[in-house]
Amino acid sequence: MKTAIVILNWNGRKLLEEFLPNILLHSTEQATVIVADNASTDDSISYIKKHYPQVKIIENATNEGFAEGYNAALKQVEAEYFLLLNSDVEVTAGWLNPLVNYMEAHPNTAVCQPKMRWYHHREKFEYAGACGGFIDSWGYPFCRGRIFNTLEKDTGQYDAPSFVFWASGACMLIRASVFHASKGFDSIFFAHMEEVDLCWRIRNMGYDIVCLPSSTVYHMGGATLPKNNSRKTYLNFRNNLSMLYKNLPASKLFPVILLRLILDGVAGIKFLIEGGPGDCFAVFRAHWKFYGWVLSGKLKRPIQIKHIKHATIYDGSIVWNYYIQNKRTFTDLVFHPGKPQ
């Protein structure tokens, strides 16, 4: 089949038990379903072999996180399209066809995602992808339907297809040829922000990324690391800085990183005041690790980075709009990234 649904698993027996039957029910006529296991220590593998022998299993030797876990697994998958799917996603009838059909009809689109609603509050958009991802001038990601921790109720306000800056790694359809040409995820990220970094590089290659709300899935979220986990905070801040360092043109690099140093310091103090010393320490630890990576040359910048002005980059500060101007929804931003034909 042209499409391979690849589910990355790490000690997710309970999630597989809950979500895999539904994925198989609504997908096997259109795609091959593969579980890529990241060296689980639970009985995930034996459970799949016993109950779902039709599911192909790829066993990674070690747990190298989301980024390298997928890189290693996808080297072993032959398909025209990879559908990267978290193990905590509930798909719906007919969810896959709109994504694949659109990619077939639009060869310049390299990545697309469905509308993502929250599994626990099904009327709301989900944090990790909502209705497509964007980024502001200072490197802060946000979504149609989710800005910072504000999740909008889905009333159909974003049901039109839209060009986006990034698609959620929780449910992303990507051309295999483009994934390999871009060299996939950056393994140094381990987890978090790796899909934004990948999409940024793909956008700079000249491809489009699209959200197609005619397809809907429900994402539980936080199944591996809960939102209030200091490890998650550390990875998000470290990887966001790393992504900016890798992708910003030289003219914008210093001013953006300098401002982020200030704003991230404010965020750390806010965590401390709100009773989160672990999160506060995670922010400062993320900065020290980032600076160490830069000084040691561990983070790589391309020899030349073109300053490409994407219509999907919000030309302003989402922090200012959200916290000072009280603009809490995507509609409030009066931001028009463009609609595909």
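Here is a yes/no grid of residues against (1) more than 27 Å from R201 (Cα to Cα); (2) of a type in the set (A, V, I, L, M, F, W, C); (3) not in a helix (DSSP H, G or I):
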site: L258; (1), (2), (3): no, yes, no
site: L272; (1), (2), (3): yes, yes, no
site: C280; (1), (2), (3): yes, yes, no
site: F335; (1), (2), (3): no, yes, yes
Tell me, yes or no, whether region 218-229 has at least one residue that is farther than 23 Å from Y322 by Cα, among the hydroxyl-bearing types (S, T, Y), surrounded by fewer than 16 Cβ atoms within 10 Å (Cβ to Cβ) and in contact (Cβ under 8 Å) with a residue 12 or more places away in the chain. no
Within region 13-25, identify whether any single residue is over 25 Å from N101 (Cβ atoms), touching a helix residue (DSSP H, G or I) at 6+ places or on another chain (Cβ under 8 Å) and not charged (D, E, K, R), and answer yes or no. yes
I'd like the residue in region 29-77 that is in contact (Cβ under 8 Å) with a residue 40 or more places away in the chain and of a type in the set (D, E, K, R) and, out of all such residues, is surrounded by the most Cβ atoms within 10 Å (Cβ to Cβ). E68
Say we look at region 142-168 and pick out the residues that are closer than 16 Å to S215 by Cα and crowded, with 24+ Cβ neighbours inside 10 Å; which of these is nearest to the chain's Cα centre (by Cα)? S168
If a residue has to be aromatic (F, W, Y) and either modelled with pLDDT under 95 or not in a helix (DSSP H, G or I) (or both) to count, how many in region 10-56 make the cut? 2
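Those residues that are of a type outside the set (G, A, S) and under 16 Å from A167 (Cβ atoms), I need them from region 53-73; list them, please.
Listed by number, the residues that qualify are F66, Y70.
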Take Y314 and tell me if it is over 22 Å from the mean Cα position of the chain (by Cα) and among the aromatic types (F, W, Y). no
Quick one: count up the residues across region 77-98 that are within 20 Å of the chain's Cα centre (by Cα) and either of a type in the set (A, V, I, L, M) or not assigned by TED's automatic domain parsing to the domain that holds N22 (or both). 6
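The values are calculated or read from the model by the stated rules, or taken from the named source; none is laboratory data. Keep in mind it's a predicted model, so treat the numbers as computed, not measured. Every residue, glycine among them, receives a Cβ derived from its backbone with ideal geometry; neighbour counts consider all protein chains shown.
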